[in-house]
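Enquirer: First the structure, which I've put down as structure tokens, then a few questions once you've had a look.
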Amino acid sequence: MNPDALRHLLERLRRGELAIAEAMDRLRDLPFETLDDARVDHHRALRRGFPEVVYGAGKTPEQAVAIARAIAARGQTVLLTRSTPDMAAALIAAFPLAVADPQARTVVIRAGDVRALPGRVLVVSAGTSDLPVAAEAQVTAETLGCSVERLVDVGVAGLHRILSASRLLREVEVIIAVAGMEGALPSVITGLTDRPVIAVPTSVGYGASFQGLAALLGMLSSCAPGLVVVNIDNGFGAGYAAATFLRTAAELAARPKTADSDPAASAPLDAALRPAPSEPQV
């Protein structure tokens, strides 16, 4: 149940097109629905703007299908991350319109309940080995309504590659920078643009990289101000954050102007606060 669906239901109830008993039946499982192995949070879309996302790791294919059915039954888009091949096959068998991305390890079952967001997200990956995490970020952002572009294999070992894309870095609205090894790429990008940059450390690298810990600490220690960092290999978190940025910006732009934001409306208050002219000395 998303805000638009709830508003439509209440409007139908007000117009008498829907019986109270039927409305109550539709709202009965609104907070959450109890399954054998899960409690599906149907209230998530009202609170967060998007339905609960299913984390596939550790679940059986049967559990993933049951949770997806509960979400899809309410006309909501299903996004499942960290899918296994068996899990993807089970979801595609249960939902013929499901789209699996083996590289991103995601399965998406679209329901048409997600609005397109204005602006563009650019997903930048340092190396080809970082592409699975970058793909997860891309699929997540696109599923949440973002328009996404990709820039691949532009790590700092060949700095001219990212410098050649300086114009693109300034034209998009949000940037997701994915890098392993020492994790320097997000700091470089943040120094080249005034756009929000979300850094994603990956577990790519040799022994002293400590499965992404070196990249994570490097990004957290960045001297480039304003860099935002998510957890190791968390492409999903970066894509979700990018969509949240764009959704918030769109909502702010759509709000009607108030007296507080209108200079003409605040003129009388400014005049009242202005000190009175001093009396001329005789």
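Read-outs: derived from the displayed coordinates by stated rules, not from any lab. Every value quoted in this text rests on a predicted model; they were computed, and no experiment measured them. Note that each Cβ is placed from the backbone with ideal geometry, even for glycine, and that neighbours are counted across all protein chains shown.
Enquirer: Based on the mean of other beta carbon atoms within 10 Å per residue, what is the order of 105-115, 88-98, 234-244, most packed first?
Expert: Highest-to-lowest ranking by the protection proxy: 234-244, 105-115, 88-98.
Enquirer: Within a 10 angstrom radius of the beta carbon, how do Cys223, Cys146 rank from fewest other beta carbons to most?
Expert: Ranked by crowding around the Cβ, least crowded first: Cys223, Cys146.
Enquirer: Using the Karplus equation 6.51 cos²θ - 1.76 cosθ + 1.60 (θ = phi - 60°), what ³J(HN,Hα) coupling, rounded to whole Hz, does each residue of segment 51-65 give in order, writing x for Gly and Pro?
Expert: These are the phi-based 3J(HN,Hα) values: x, 4, 8, 8, 8, x, 4, x, 9, 7, x, 5, 5, 5, 5 Hz.
Enquirer: Quick check: net charge around Leu246, other residues with Cβ under 13 Å of its Cβ, Lys/Arg +1 and Asp/Glu -1?
Expert: The answer is +1.
Enquirer: Another question about this same structure. Quick one: net charge around Val121, please, counting Lys, Arg +1 and Asp, Glu -1 for every other residue with C-beta under 11 Å from its C-beta.
Expert: Around Val121, the charge tally is 0.
Enquirer: Taking H as built 1.01 Å from N, whose amide H comes closer than 5 Å to the amide H of Glu149, not counting residues under 5 places away?
Expert: Result for Glu149 returns Val121, Leu122, Val123.
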